[in-house]
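The values are calculated or read from the model by the stated rules, or taken from the named source; none is laboratory data. Model, not experiment: these values are computed from the prediction. All Cβ positions, glycine included, derive from the backbone under ideal geometry; neighbour counts span all protein chains shown. Surface accessibility is based on the protein's heavy atoms, side chains included, excluding ligands, DNA and RNA. Shrake-Rupley method; radii C 1.70, N 1.55, O 1.52, S 1.80 Å.
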Amino acid sequence: MSAENSPAANSPAADSPTVNGPVAGTRRRGKRVLLLSVAGLLVAAVAAAAILLAQPPKSGAAGPAPVEVETALVSRGDLTELVRAPGTLSYGAPRELGTVLPGIVTGLPGAGSVVTVGGELFRVDDSPVVLLHGELPVWRAFSAGMTDGADVLQLERSLAALGFFEREPDEEFAGSTEAAIERWQKSLGLEQTGMVELGRIAFAPADLRIQEPTAAIGDAAGAAIVSTTGTAKEVQAFVDTANQDLVAVGASVSIALPGGAQTTGTVAAAGAPVERDGSSGKSMKIPVSITLDDTDAAAALDNVSVSVLLTQTKAADVLLLPVGALLAQPGGGFAVEVVRAAAASGHTRTVVPVTLGAFADGLVAVTGGTLAEGDTVVVAK
């Protein structure tokens, strides 16, 4: 048997090095190299970290970005509040007209037509009932021998406006009055009696618009034959008694129309307080009539709901700031954060205590503190 094939040659002991042999030395050198490599990596990592920590931070990473805030300027002026009152836009002065003349209705005007002084309101037994101007209603016939009165003055003024009365109108029914009536009757195709029977005329302060006939051709004449209005549209509103001073006759107001448009008007009349039903029960209101400054603004509107906008001054010549600028203080009271320019940082913010007055429409009056007109304050978003 050869040495290569002998059991001793193939045994593990034959290939294993001795404790002090060359293989064991190689393994010890490998471990030292590994330990040195790991140690080197640790030292490099520590050095790199030290270098990074030693470098100054980049300008773009210098803390959080500044927070953007909304600001407003402190102003000086009057603190006003907008008061709304519901109203209705329609033709004003509605009334029904008829006659005490006996007979049958034989003629009616069209709805929407306008009757001027001397014009025909309707016909009874094919004779006209005529509109004349005057504040007083007709309450008696006009004829020679009647007592003087303001109604005679009204009659003569209308006859003069129509060109039939030639002298200065007065309250006396004279021969000149009778002659003027005859000329007027002739122009209308009436019998020239020189007297005006009760029911032949109707007085109104101005021209009238026919809203609609309330009788039909063939009906018996009576107290209600046509429904009339004035020729101009107006707003009828009811205002709280607390705001009575805002609706004095001649006061200017704003009016919110359907669709968001606005126009202006003038208070023409304000009545005594009346009781009105509301969402919270009955309350006293001031009835107000308002004429439109621009009649074309509501040309296409009739009998619609509107809002009357009244401006109430709650404080005069005060510092004003938005309510959103107020900061509630822990011990009570309020303050604001004032933004002021600073040379080093560009601006500074200072909390300034304030004493408050009235509030209205998102603004508050400042009655005490160190705020000044033109200061910039932070407003909550």
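Name the residues of segment 188-226 whose amide N is less than 13 Å from a point 7 angstrom out from the Cα of GLU120 along the C-beta direction?
188-190
For GLN312 and ARG340, FRET efficiency with R0 = 35 Å and r from the beta-carbon atoms, rounded to 0.05?
The formula returns an efficiency of 0.55 here.
With charges only on Cβ, +1 for K and R and -1 for D and E, what is the dipole size of segment 75-231 about its Cα centre, in debye, rounded to 20?
520
Testing the spin-label approximation: label points 7 Å from Cα along Cα→Cβ at ALA358 and ASN243. State their distance in nm.
So the two model labels end up 1.4 nm from each other.
Kindly provide log₁₀ I(q)/I(0) values, in the same order as q = 0.11, 0.17, 0.21, 0.24 Å⁻¹, from the Debye equation applied to equal alpha-carbon scatterers of segment 122-194.
-0.25, -0.61, -0.94, -1.22
Please give, to one decimal in nm, the separation of the simple spin-label points placed at SER254 and TRP139, each 7 Å out from Cα toward the Cβ.
Once both label points are built, they end up 4.5 nm from each other.
Accessible area per residue of segment 206-287 at 1.4 Å probe, in Å²?
In whole numbers, segment 206-287 has 50 Å² accessible per residue.
Please state the shape class of segment 136-281: rounded when a/c is under 1.5, otherwise prolate if a/b exceeds b/c and oblate if not, all from the C-alpha gyration tensor.
Since a/c reaches 1.5 and a/b is larger than b/c, the shape of segment 136-281 is classed as prolate.
Probe 1.4 Å, all protein chains in place: accessible area of THR263 in Å², nearest 10?
20
How large is the charge dipole for segment 227-306, taken about the Cα centre, if only the Cβ atoms of Lys, Arg (+1) and Asp, Glu (-1) carry charge, to the nearest 20 debye?
200
Heavy atoms only, 1.4 Å probe, whole protein assembly: order LEU162, LEU97 by accessible area, highest first.
Order by accessible area, largest first: LEU162, LEU97.
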